[in-house]
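To keep things clear, I will list the structure first and then write my remarks on it.
The values are calculated or read from the model by the stated rules, or taken from the named source; none is laboratory data. Keep in mind the model is a prediction, meaning the values are calculated, not measured. Ideal geometry is used to build each Cβ from the backbone, glycine not excepted, and the neighbour counts take in all protein chains shown.
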Amino acid sequence: MASDSHAPASATEYITHHIQNMTWGQLPAGYERADGHVLEQATWTLAHSAQEARDMGFWAFHLDSLGWAVFLGFIFCFCFYRVAKKASLGVPSKWANFLEMLVEMVDKSVKESFHAKSEVIAPLSLTIFCWVFLMNLMDLVPVDLLPEIAQWISGDPHLYFKVVPTTDPNVTFAMSFMVFLLIIYYSIKSKGIGGFVGELTLQPFGKWMLPFNLILEGVALLAKPVSLALRLFGNLYAGELIFILIALLGWWQLPAHFIWAVFHILIIILQAFIFMMLTIVYLSMATEHH
């Protein structure tokens, strides 16, 4: 729900504020900040506007996305560790049954889609599904709740604070980049450097079309991590934006929020499953010999 206590002057300002990350980076000496203050020396600080965040350049960090991603990853590890530690031959708890069903679902997906042998793919797939799901799940938290708590704790009514890590392309591209590195690793491990280079240069049209083959296969290879990252980011960002727009409806937002949240639950689960399945398929393709 939207609150009127620190409401921006317009709907545009409200939306802009909610889609801006808490960015921490360095501003150069002599920089004039959003409040008119001029820095005497280069300073690491939180951005007070979207322009300041852009001016911080590449070495700027989205503290909210990083913090929530790490925290939710810890929650995932803690839950599975507790269940595994308490596992016994007796009657399992409902929570243990649920996690066992989850593990069996992921294990079945790996066996059906990954055709090589690896002890890493199943744990990796389980981690991806649960971690992405938890990050997506934050989209169901009321859009103003956690940001206003953060503003109250910090004493800054204009503090930027996003709570859905997968609406940050830096997070989704970081995950897809790691999948890309695994694709390269398994390709070289299965076929050797010569086989991997041969796949990129000698197909589909043979050695006489080597440059054209390299362009086609190179684009296909690079499209995998890009599609992974943008698909997850686009779906979750759109969902978050709809929640923000609904929050502008005043008291009419309550039924609209409920209807969209019910539908969005399917998107949250589906996007986590798609990210996991595409990772399995891409790694399976990397191990296949042509």
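Points worth noting:
- Exactly one residue out of ILE265, ILE274, ILE246, ILE280 is of a type in the set (Val, Ile, Thr), within 22 Å of ASN21 (Cβ to Cβ) and out of contact with any Gly (no Cβ under 6 Å at 6 or more places or on another chain): that is ILE246.
- Residue pairs meeting the criteria (Cβ under 6 Å; at least 6 apart or on separate chains; first under 14 Å from ALA286 (Cβ atoms), in the range 191-204; second modelled with pLDDT of 85 or more and hydroxyl-bearing (Ser, Thr, Tyr)): PHE196/SER187
- Helices (runs of 4 or more DSSP H) lying entirely in the range 62-145 (those with 3 or more residues that are modelled with pLDDT under 90 and more than 22 Å from PHE180 (Cα to Cα)): 63-85, 94-113
- In the range 19-48, of all residues being touching a helix residue (DSSP H, G or I) at 6+ places or on another chain (Cβ under 9 Å) and among the hydroxyl-bearing types (Ser, Thr, Tyr), the one that is surrounded by the most Cβ atoms within 10 Å (Cβ to Cβ) corresponds to THR23.
- Here the range 142-170 is the region considered, the condition is being in contact with a Leu (Cβ under 8 Å, 6 or more places away or on another chain) and within 24 Å of GLN271 (Cβ to Cβ), and the residue that is surrounded by the fewest Cβ atoms within 10 Å (Cβ to Cβ) is PRO169.
- Any hit, the range 16-24, residues being in contact (Cβ under 8 Å) with a residue 40 or more places away in the chain, of a type in the set (Val, Ile, Thr) and in a strand (DSSP E or B): yes
- Within the range 147-166, one or more residues are within 18 Å of the chain's Cα centre (by Cα) and aliphatic (A, V, I, L, M).
- Test: residue in the range 11-18 that is closer than 30 Å to PRO255 by Cβ, modelled with pLDDT under 90, aliphatic (A, V, I, L, M) and surrounded by fewer than 15 Cβ atoms within 10 Å (Cβ to Cβ): yes
- Check on PRO204, more than 22 Å from HIS289 (Cβ to Cβ) and out of contact with any Gly (no Cβ under 8 Å at 6 or more places or on another chain): no
- Restricted to the range 260-285, and to residues there that are among the small types (Gly, Ala, Ser) and at pLDDT below 95, the residue that is nearest to PHE173 (Cα to Cα) is SER284.
- Selected residue (only one of ILE244, ILE269, ILE265 is over 22 Å from HIS115 (Cβ atoms), in contact (Cβ under 8 Å) with a residue 24 or more places away in the chain, crowded, with 17+ Cβ neighbours inside 10 Å and β-branched (Val, Ile, Thr)): ILE244
- Restricting the range 167-185 to residues that are of a type in the set (A, V, I, L, M, F, W, C) and under 11 Å from the mean Cα position of the chain (by Cα), the residue that is farthest from MET22 (Cα to Cα): MET175
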